[in-house]
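The values are calculated or read from the model by the stated rules, or taken from the named source; none is laboratory data. Note that the structure is a prediction, hence the values are computed from the model and not measured. Cβ placement follows ideal geometry from the backbone for every residue including glycine, while neighbour counts extend to all protein chains displayed. With ligands, DNA and RNA removed, areas are computed over all heavy atoms of the protein, side chains included. Shrake-Rupley method; radii C 1.70, N 1.55, O 1.52, S 1.80 Å.
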Number of protein chains: 4
Amino acid sequence: MSFNTFGRVFRFTSWGESHGPAIGAVVDGCPPGLALGEADIQTWLDRRRPGASDLTSRRREPDRVRILSGVFEGRTTGAPISLVIDNEDARPADYAPSAAVFRPGHADYAYQAKYGHRDWRGGGRASARETAARVAAGAVARLVIPEVAIRAEVTEIGGDPDEGRWPDLIERARAEGNSLGAIVECQALGVPPGWGAPVYAKLDAELAAAIMSINAVKAVEIGDGFAAARLSGERNADEMRPGAAGPDFLSNHAGGITGGISTGQRIVLRAAFKPTSSIGKPLATIDTRGDAAEISVNGRHDPCVGIRGVHVVEAMVALVLADHKLLHRAQCGRDG
Amino acid sequence: MSFNTFGRVFRFTSWGESHGPAIGAVVDGCPPGLALGEADIQTWLDRRRPGASDLTSRRREPDRVRILSGVFEGRTTGAPISLVIDNEDARPADYAPSAAVFRPGHADYAYQAKYGHRDWRGGGRASARETAARVAAGAVARLVIPEVAIRAEVTEIGGDPDEGRWPDLIERARAEGNSLGAIVECQALGVPPGWGAPVYAKLDAELAAAIMSINAVKAVEIGDGFAAARLSGERNADEMRPGAAGPDFLSNHAGGITGGISTGQRIVLRAAFKPTSSIGKPLATIDTRGDAAEISVNGRHDPCVGIRGVHVVEAMVALVLADHKLLHRAQCGRDG
Amino acid sequence: MSFNTFGRVFRFTSWGESHGPAIGAVVDGCPPGLALGEADIQTWLDRRRPGASDLTSRRREPDRVRILSGVFEGRTTGAPISLVIDNEDARPADYAPSAAVFRPGHADYAYQAKYGHRDWRGGGRASARETAARVAAGAVARLVIPEVAIRAEVTEIGGDPDEGRWPDLIERARAEGNSLGAIVECQALGVPPGWGAPVYAKLDAELAAAIMSINAVKAVEIGDGFAAARLSGERNADEMRPGAAGPDFLSNHAGGITGGISTGQRIVLRAAFKPTSSIGKPLATIDTRGDAAEISVNGRHDPCVGIRGVHVVEAMVALVLADHKLLHRAQCGRDG
Amino acid sequence: MSFNTFGRVFRFTSWGESHGPAIGAVVDGCPPGLALGEADIQTWLDRRRPGASDLTSRRREPDRVRILSGVFEGRTTGAPISLVIDNEDARPADYAPSAAVFRPGHADYAYQAKYGHRDWRGGGRASARETAARVAAGAVARLVIPEVAIRAEVTEIGGDPDEGRWPDLIERARAEGNSLGAIVECQALGVPPGWGAPVYAKLDAELAAAIMSINAVKAVEIGDGFAAARLSGERNADEMRPGAAGPDFLSNHAGGITGGISTGQRIVLRAAFKPTSSIGKPLATIDTRGDAAEISVNGRHDPCVGIRGVHVVEAMVALVLADHKLLHRAQCGRDG
């Protein structure tokens, strides 16, 4: 995992800026012989796509993926799979104000401080648009772990767990030029016991990194997470009784992972997405010369980035699990 | 970061089991010329040491570190630094019951499922004893980042933020054969803007992995973390005004990191430690043959592992920051 | 360095098959602020390009590179640089015979044995066409090390060091449906003392891997190489006398590297390229069912791949040196 | 592979200086359940041990290895295996002259230039003593690849292939305070087709790096190596005919590897060891202040380091093959 590459054996490298000509990913280490066509990836991109719902960004990107390598006669060859998605609805002019002014909550200032030179168009490399590359790579990862079903969903928006109130909350935020945070929960079923590794390759540590690397995520929990810190040891214990194959666990406070290794229970994690940083309300900031400035961002932004984050969370979980399945196989000589 | 190695340029490899002859770490990529003696490491190990406080484990380990390489005439040479800590108060016989029975909440079952063969003495490799190696390596990391002050503390035990009540809570838990979780907060001051990197080497992603890799940690927050998901975009914005060198931020909801890169504000993170899994109360479980069993663990365990976790959290933060300082220097040619 | 990724801090990932739609490379970890346009890369691709000389392959590829990310307003941003080169003169039909028959000396059989499914068109991923991606990435690497001049040249073709006889040798080989090997020597001037690292990141070890990873290379020498094994210690010693800045070396048997670290002398290495495996003469082989077969390859192949290998050798040397400059800077805090 | 760590999935980290208290290696990623005791490692160390033959160094090191972790009840657990070898016959005083004077051919000057501070005792980290750690780690690697037999031997000393003359050559060199180079050839039998990977993880590229990382090695050949560059394509072709399982190859110019992947033939490589740099004859050099100096080294050095290099070559080949077996298994789901 180095800068723009994620994973060890099953790995991918992502590239591209929000308003450049295209974004993409190169998936390396994929097992050969898997049936893979563009449609297998497109189906996941379509779900993440902006403009797919009234609740999300109004940027209209078809997000059409092309496979440029690594697949021959409909099956993977084991060679790197190059995935490219053209940027079609780029409107860099919308972002001209952010050329000279650092948007609060965005990477603008940090990138400027680090690199001295940055692509300010729509956040450039720091844009959530990069997550389309993750979803595309994640679609390939899913093929590597057919035994696993991954399912994420929003469980809270703006602090409210009542799904019925979300459309109103979001419309109000959009109308006010404001935005909302969200909690996303993800479960993975079918992971056999034994995936993961001590000590710095713990499955939960890698999941935490994968999820925290998603734009706007500020917290990650495994299993009961923070709530576990408030339980007694007795209450938090996942007792076992004899089961058909291995133990039957009486509870799953641990979220399916102990000692960094899967137990065979369902893996459960939650991510906290901060509210979208791009809002219409005016905010105090400074410009690139260091002078005081004010900015209100009128782009086509999601009022709640967590909603589309669901698909990115799923993709990252798939990518971690695919890598660990192969790592487990490497060291232990079997899949589960 | 591969299995038992952590970091990219400044990296360390840890080894050893709870009741083997010794544990240790090899620190690689350390800059040359740093003054380093065993006392520089010992001071941090002494803080983490079991038996140092009434609130922690009664295992008595001197945790005396020896430096076997990489230092010459009192200064680092740039060669790998081998650190060894002998295990002296090992009492493997205490753990004989766990040879045949899987302790709930521990790695026992997961390790057995993965490896088929495990060192069951005190949790073997999965023991929190391994964290002494991290603290030792972290002491070296601190020398690489003298500009940074790292300070962690317990902010909650058993759900209670009132420090005055903690001794009673802990004694009660110990008396009952029960245990408590804790929240640890860590701050790092003095990190200049510009450390970290997109996209999979984000500073917050790496911190999350580092912290989640610590035994018993089940959740990590950066800045406001989960609370940020419940704020509006307006409330969560960290506005800026002109400052002496770069911006003055009016708040720090982000915890000092945006876009995965430090902003120059203090870095703030929190970790949730689950309650110690080894408790005296009897728990239902299975044995290695798959039959029903009951276990109550009478070792010399911390009733609240989060307390000693403070020192491990600090060490891991130091290790991540040292690595990212060097990575930033590599790519951008300067320290800040 | 993992499968299709090369390097540690300055790294690139290559993708693409000989007769797929395109090939490319993603360069990651590049310092920001470097002036970079497509022309800076094109100039090097043009030299490697097939069809550029009578002595090389007659495939006509314009090898036009496009930069899809990582550059903004003519300068690198520190984000990954995606380089794409379309395949235009692909004639997969030429390769239909190799679908069912393993070409001796090629990767055909090994790929089939490993992956079970392979892109047989022109060697697919194993084609020398992949080296265009290296040359493109190498062009970026050169910008990172402006202090270094890299110059490779053919010193021997078909065992003959006399340049004047090479055109005839090659024409004869082509006419006979045969092919020739070559020796390429590369020198790098301007590398300061101090690049490289013990023990498994030795500069010479990394150069050896880089060069040996080039198609058709079967041997690598540093400095005197095999000849050093035939000298006495006294004859092989590179004595020193006081110089303007550091030592003046009286000889350079070591090829500019001792202990895996550059000495400031010119770096000298040599690579042996085997003769092109694709020849018109009929060869005994087997087909994919295991039956006996005969094959003579009538493509548009270089009769001596070493000639175009010159540019690939230079690129790989640049890639290694750029990475090691940044690694040295990371650990030691200075460029030289 | 980062500085002092070698390998990807099966990996080891080496540490220690020639005249420090000990040297060692941490082997990570080892499959669990392998029978491993200190004797399994000692047997290989004993062969490499200085003082084992009249032809080698007279330093008397028992090279007694201790296993400090990763093995329980005689079998590997999958946890890191810490191997330690104490330095017993260290005589740092012998090396006092090299504190102030750079020995030609050694890493002294390069280390000083890089790090500014170095352990000059016996070459410190750059000493061939480090190779004992490789041999120890290699002994573990051999257990991972029981299907493979690795056998290296010296084929040439001082340019002379006639074994009968070597004792005289060496004694003469020793008497004259001179030294000799050597060629070592290594063969690996039993490697199935399919190990290795494109493009930067080619099996031959990794072998080249592994071998070139050994002290004093200046060149590596795979198969016919440089001789292949002097053959025609017709002569160099390894033709095939139908065999019992896969092809029968009619020759093995390629040395068992095509396209970076094993073919099932025996793997053949050769390494050129330069003559020992430490010689008794006086050589011109400079001291650490930059002034002219003369040095003649009277240690207990091997007159021909290539002889003991045989065991290191074997170890490095085992380490590369073990890693690639596991990598192949990871990606392709089977061992061969």
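Numbers below:
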quantity	calculated
Packing rank of B:287-294, D:316-323, D:327-334, where each peptide gets the mean count of other beta carbons within 10 Å, highest leading	D:316-323, D:327-334, B:287-294
7 Å along Cα→Cβ, label-point gaps from residue B:176 to other copies, nm, shortest first	4.2, 8.5, 9.1
With every protein chain in place, the protein assembly as shown: carbon and sulfur % of accessible area (1.4 Å)	47
Complex-versus-alone comparison for the range C:230-279, residues with a loss of 40 Å² or more in accessible area, probe 1.4 Å	C:230, C:233, C:234, C:239, C:240, C:242, C:247, C:258, C:261, C:275
Which listed pairs, of B:218/B:325; C:325/D:325; C:114/C:218, have C-alpha distances above 24 Å, in listed order	B:218/B:325; C:325/D:325
Under the span-like rule (Cα at least 18 Å along the axis, Kyte-Doolittle mean at least -1.0), DSSP H helices of chain B	B:131-144, B:306-332
Shielding score for B:187-199, defined as the mean number of other chain Cβ atoms within 10 Å	5
Expected 222 nm ellipticity per residue - DSSP helices of 4 or more, -39500 (n - 2.57), all of the protein assembly as shown, to 500	-8000 deg cm²/dmol
For residue A:282, label point 7 Å along C-beta direction: distances to other copies, nm	7.1, 8.5, 8.7
Table column - 3J(HN,Hα) (Hz), the range B:148-157, Karplus curve with 6.51, -1.76, 1.60, x for Gly and Pro	10, 10, 10, 9, 10, 7, 6, 10, 7, 10
Relative contact order of chain B, pairs being alpha-carbon contacts under 8 Å that are 6 or more residues apart, as %	22
Per residue accessible area of chain A, 1.4 Å probe, in Å²	30
Whichever aspartates and glutamates have a C-alpha closer than 15 Å to that of residue D:202, once near sequence neighbours (fewer than 8 apart) are set aside	A:28, C:108, C:130, C:206, D:221, D:323
Rounded FRET efficiency, nearest 0.05, which uses the C-beta distance separating residue A:235 from residue C:296 and R0 of 45 Å	0.05
Scaled radius of gyration (Cα, divided by 2.2 N^0.38 Å) that the protein assembly as shown gives	0.89
Averaged over A:7-14, number of beta-carbon atoms from partner chains that fall within 10 Å	6
Neighbouring partner chain Cβ atoms per residue of D:280-291, average, 10 Å criterion	4
Cβ nearest the rotation axis (B onto D), residue from chain B and distance to the nearest whole Å	B:13, 2
Segments D:261-268, C:199-206 sorted - mean Cβ within 10 Å per residue, highest first	C:199-206, D:261-268
Burial ranking of peptide ranges C:109-122, D:210-223 (average Cβ count within 10 Å, highest at the top)	D:210-223, C:109-122
Surface/4 estimate of mean projected area, convex hull on alpha-carbon atoms of the range C:5-332, nm²	18.5
Solvent-accessible area buried by pairing A with B, both sides, nearest 100 square angstrom, 1.4 angstrom probe	8000
Teacher prompt: residue A:190 distances to equivalent labels in other copies, 7 Å Cα→Cβ, nm	3.8, 5.1, 5.6
